[in-house]
Amino acid sequence: MYTIAVINQKGGVGKTVTSVNLATALKHKGHDPLVIDYDPQMNATDWLMGREATDDDATIFDSLATWDGDATDEWSFANVLRTSESVGIDFIPSDRRMAAASFDSVIGRSPVFPQQFRCRVQEFRTAEVQRNSSSTMKHDYCLVDCPPSLGRSIATALAGADGIIVPIHADRFSMRGVSQLQDTIKQIRKVHNDSLRILGLLPNDLDLRSGLVSDMQEKFEDVYSDILFETAIPWRSKVNEVATHGTNIMEYDGAADAASYYLNLADEVVERSRVATAA
Ligand SMILES: Nc1ncnc2c1ncn2[C@@H]1O[C@H](COP(=O)(O)OP(=O)(O)OP(=O)(O)O)[C@@H](O)[C@H]1O
Ligand SMILES: [Mg+2]
């Protein structure tokens, strides 16, 4: 399972729509993605669960807070994940306590804090391989929808990820944000996870009629040509509608054009992750 953290410290750039719509595109192409909602805002959870979460719902927080090295415990990812009825993909819900996790060690034993997500991912991979009694896992991609921050909870997500997707707006602030993000990634690689790679920057929510947006896109292409995805997602009302109605963009009436961008992105993600894994 190739684990991708969808991050940007900036809010509202499309981390959640990218996580969920890319997952549905991967599913459409025959893959079996898992979405993990790592954000205490719970936007992906609301979308995928199709209702407000309650205290009885097991979440990513339960899974991380209880990790003690026992792969068979009741809070393992395998036991916490559920299938979205409305979207048809597997996911692990978030809860509001994930906000506290970024400030202190509420989540538990602070010395191992950054390792908990990594260990849960690892034990999940192992458990799936054992269950299938072959070298294959049921889930081949995991998309982690992260909160808008570069704080401690992002560090834990990145410690357990293989690749990173960064949705960006075509503006000057996003340009500066990417270089801050690269510094954070360098630190994480040094301390926790030296195999972490940026899979790609994804221009999102573009108003293609604006000259300013084309100028900024050209700037991004100059500076980040090596990591920019070829796919760029324009502003599309259908993207907003599927998020609002909590549904699947591949099946949503009139959304074929919007869905086609995510299908192209899925092809790029599969190819880049294949190359990264082979390297
Ligand atoms: N390509 C697009 N076309 C139209 N609307 C979009 C597009 N991308 C994102 N949006 C809308 O912009 C808003 C923000 O998107 P989203 O929630 O995915 O951002 P985010 O980065 O996850 O936000 P946060 O940082 O708060 O978690 C949502 O209302 C979403 O529907
Ligand atoms: Mg979000």
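The values are calculated or read from the model by the stated rules, or taken from the named source; none is laboratory data. The shown structure was predicted, so the numbers you read here are calculated from the model rather than taken from an experiment. Neighbour counts run over all protein chains shown; Cβ positions are idealised from the backbone, glycine included. Note: areas computed on protein heavy atoms with side chains; ligands, DNA, RNA excluded. Shrake-Rupley method; radii C 1.70, N 1.55, O 1.52, S 1.80 Å.
Is the stretch 155-172 home to any residue that is of a type outside the set (F, W, Y), open to solvent by 50 Å² or more (accessible area, probe 1.4 Å) and more than 16 Å from I198 (Cα to Cα)?
Yes, the stretch 155-172 has at least one match.
Would you pick out the residues in the stretch 180-215 that are under 15 Å from L150 (Cβ atoms), outside any strand (DSSP E or B) and among the β-branched types (V, I, T)?
Answer for the stretch 180-215, where residues must be under 15 Å from L150 (Cβ atoms), outside any strand (DSSP E or B) and among the β-branched types (V, I, T): T184, I185, I188, V191.
Hey, among L34, L22, L26, which residue is within 24 Å of T136 (Cα to Cα), touching a Cys at 6+ places or on another chain (Cβ under 7 Å) and modelled with pLDDT of 95 or more?
None of the other options fit; the residue is L34.
Considering each residue of the stretch 133-149, count those that are surrounded by 19 or more Cβ atoms within 10 Å (Cβ to Cβ), part of a loop (DSSP other than H, G, I, E, B) and within 16 Å of ligand 2 (Cβ to nearest atom), and give that number.
2
If we keep just the residues of the stretch 234-279 that are of a type in the set (G, A, S) and modelled with pLDDT under 95, which is most open to solvent (accessible area, probe 1.4 Å)?
A279
Report yes if R118 is surrounded by 15 or more Cβ atoms within 10 Å (Cβ to Cβ), among the charged types (D, E, K, R), modelled with pLDDT of 85 or more and over 16 Å from the mean Cα position of the chain (by Cα), otherwise no.
The answer is no for R118.
Residue-by-condition table, conditions (1) within 14 Å of ligand 1 (Cβ to nearest atom); (2) farther than 22 Å from A161 by Cα; (3) among the hydrophobic types (A, V, I, L, M, F, W, C):
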position: G200; (1), (2), (3): no, no, no
position: K219; (1), (2), (3): no, yes, no
position: Y224; (1), (2), (3): no, no, no
position: I233; (1), (2), (3): yes, yes, yes
position: R236; (1), (2), (3): yes, yes, no
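Quick one: in the stretch 224-233, which of the residues that are modelled with pLDDT under 95 and among the hydroxyl-bearing types (S, T, Y) is surrounded by the fewest Cβ atoms within 10 Å (Cβ to Cβ)?
Looking at residues that are modelled with pLDDT under 95 and among the hydroxyl-bearing types (S, T, Y), I get S225.
Quick test of your reading of the structure: S86 fulfils all but one of (1) surrounded by 23 or more Cβ atoms within 10 Å (Cβ to Cβ); (2) more than 14 Å from the chain's Cα centre (by Cα); (3) among the hydroxyl-bearing types (S, T, Y); (4) more than 25 Å from A127 (Cβ to Cβ). Name the failing condition by number.
(1)
Out of all the residues in the stretch 12-43, which are within 11 Å of ligand 1 (Cβ to nearest atom), assigned to a loop (DSSP other than H, G, I, E, B) and closer than 20 Å to G200 by Cβ?
G12, V13, G14, Y38
Only one of these conditions is not met by Q9: (1) within 14 Å of ligand 1 (Cβ to nearest atom); (2) outside any loop (DSSP other than H, G, I, E, B). Which number is it?
Going through (1) within 14 Å of ligand 1 (Cβ to nearest atom); (2) outside any loop (DSSP other than H, G, I, E, B) one by one, Q9 breaks only (2).
Name the residue that is nearest to ligand 2 (Cβ to nearest atom), counting only residues in the stretch 155-175 that are under 15 Å from Q115 (Cβ atoms) and in a helix (DSSP H, G or I).
A157
Restricting to the stretch 14-60, and then to whatever is surrounded by fewer than 24 Cβ atoms within 10 Å (Cβ to Cβ) and under 28 Å from F173 (Cα atoms), can you tell me which residue is nearest to ligand 2 (Cβ to nearest atom)?
If we take residues in the stretch 14-60 being surrounded by fewer than 24 Cβ atoms within 10 Å (Cβ to Cβ) and under 28 Å from F173 (Cα atoms), then N43 is nearest to ligand 2 (Cβ to nearest atom).
For D46, all conditions in the list (1) in contact with a helix residue (DSSP H, G or I) (Cβ under 7 Å, 6 or more places away or on another chain); (2) more than 10 Å from ligand 1 (Cβ to nearest atom); (3) part of a helix (DSSP H, G or I) hold save one; what is the number of the exception?
Result: D46 fails condition (1) only.
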